[in-house]
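Nothing in this text is a laboratory measurement; each read-out follows from the coordinates by a stated rule. Every value quoted in this text rests on a predicted model; they were computed, and no experiment measured them. With ideal geometry, Cβ positions are generated from the backbone for all residues, glycine too; neighbour counts draw on all protein chains shown.
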Amino acid sequence: MSVLAWGACAPHVFVPPSGPGEPFPDAAEAWAEAARACRGASTYAATIRVHGRAGPDRLNATMIGLVTAGDQISLTVPMMFGPPVFILGGTASSATLWLPRDRRVLTARADEIVEAVTGLRLTPRALLAILSGCVGQSRSMSGSLRYGKLGEITADDARVFVERQADRWRITRGLVGGLIVDYQDLQGDWPRVLRVTTEAGRSPAVDLTMSIEQIEVNVTHPARDFVVSAAADAAPMSLEELRAAGPLREKK
């Protein structure tokens, strides 16, 4: 399995600007242009290399992920040899995690399982919005300001920051649900590297960098892609047991 090393000297976390700012009369047009591609993403599949920290744990793994605007999720952590570390599939309200190496199985809400393994409590739709570059899911704007080259859009569920890059508006950062999202490498329509950190004072503190490859957007996936079949003799496990097992934890 391909992994990335986590260095001791991570870049500084983005600090949202404060103060009165200046009027941003082109905010609606800038946001529409910057979010055009990600708003149109109904399915998103990619290989995601994750490294960083979630609470006291150092995470380092490669995942093959699929999320949809219909709140479906499929997530696999493959190994070079033998069965995967885990396979996750289902919907926001009911997802199944199967650990074939340990022969354990868990059924819970998708966001509860995602939080247990990554520290990030995200539904499939919320994960789609972050990975595709939109930050949040809302399209309703309640306010806007300009801070130099950085434009701020206040949406119902997020603060979204846009900048002009290569003669077009791009979403480069944002805040959503207590998370700071920093898109560090934008290629074409989709982020290739992004960093997600928890806002100061939130526990557990999470600081994860995701490097993304093999992106496929708006590909139709059959229902079976979101179904996980555990072995008949699989032993049930709890969310607490899953957190303790730390399937994404870096192996020493």
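Fully extending the segment from residue 26 to residue 223 would add 66.8 nm, taking 0.36 nm per residue of separation and subtracting the current Cα-Cα distance. Of 103, 159, 170, which has the largest mean-square fluctuation in a 10 Å C-alpha GNM of the chain? Greatest mean-square fluctuation among the candidates belongs to 103. Would you please give the FRET efficiency between residue 189 and residue 249, computed as 1/(1 + (r/R0)^6) with r the Cβ-Cβ distance and R0 = 35 Å, to the nearest 0.05? For residue 189 and residue 249, the calculated efficiency is 0.60.
Please give me the summed charge of the neighbours of residue 161: other residues whose Cβ is under 11 Å from its Cβ, Lys and Arg +1, Asp and Glu -1.
+2
Its DSSP H runs of at least 4 residues, each contributing -39,500 (n - 2.57), put the calculated 222 nm mean residue ellipticity of the chain at -4000 deg cm²/dmol, to the nearest 500. The relative contact order of the range 114-247 comes to 16 percent, based on Cα pairs under 8 Å that sit 6 or more residues apart. Residues within the reach of a label modelled at residue 231 (point 7 angstrom out along Cα to beta-carbon, backbone nitrogen below 13 Å), restricted to the range 101-115, are 101-105.
Near residue 213, within a Cβ-to-Cβ distance under 9 Å, what is the net charge of the other residues, with Lys and Arg +1 and Asp and Glu -1? If you can, show how the numbers build up before the last one.
Details: positive: 49, 192; negative: none.
Net of charged neighbours comes to +2.
Between residue 103 and residue 213, the simple label model (points 7 Å from Cα in the Cβ direction) yields a spacing of 3.4 nm.
Approximating the spin labels as points 7 Å out from Cα along Cα→Cβ, the residue 91-to-residue 138 distance works out to 2.6 nm. For the range 144-183, the residues whose backbone nitrogen is under 14 Å from a point 7 Å from the Cα of residue 199, taken along Cα to Cβ, are 154-160, 174-181.
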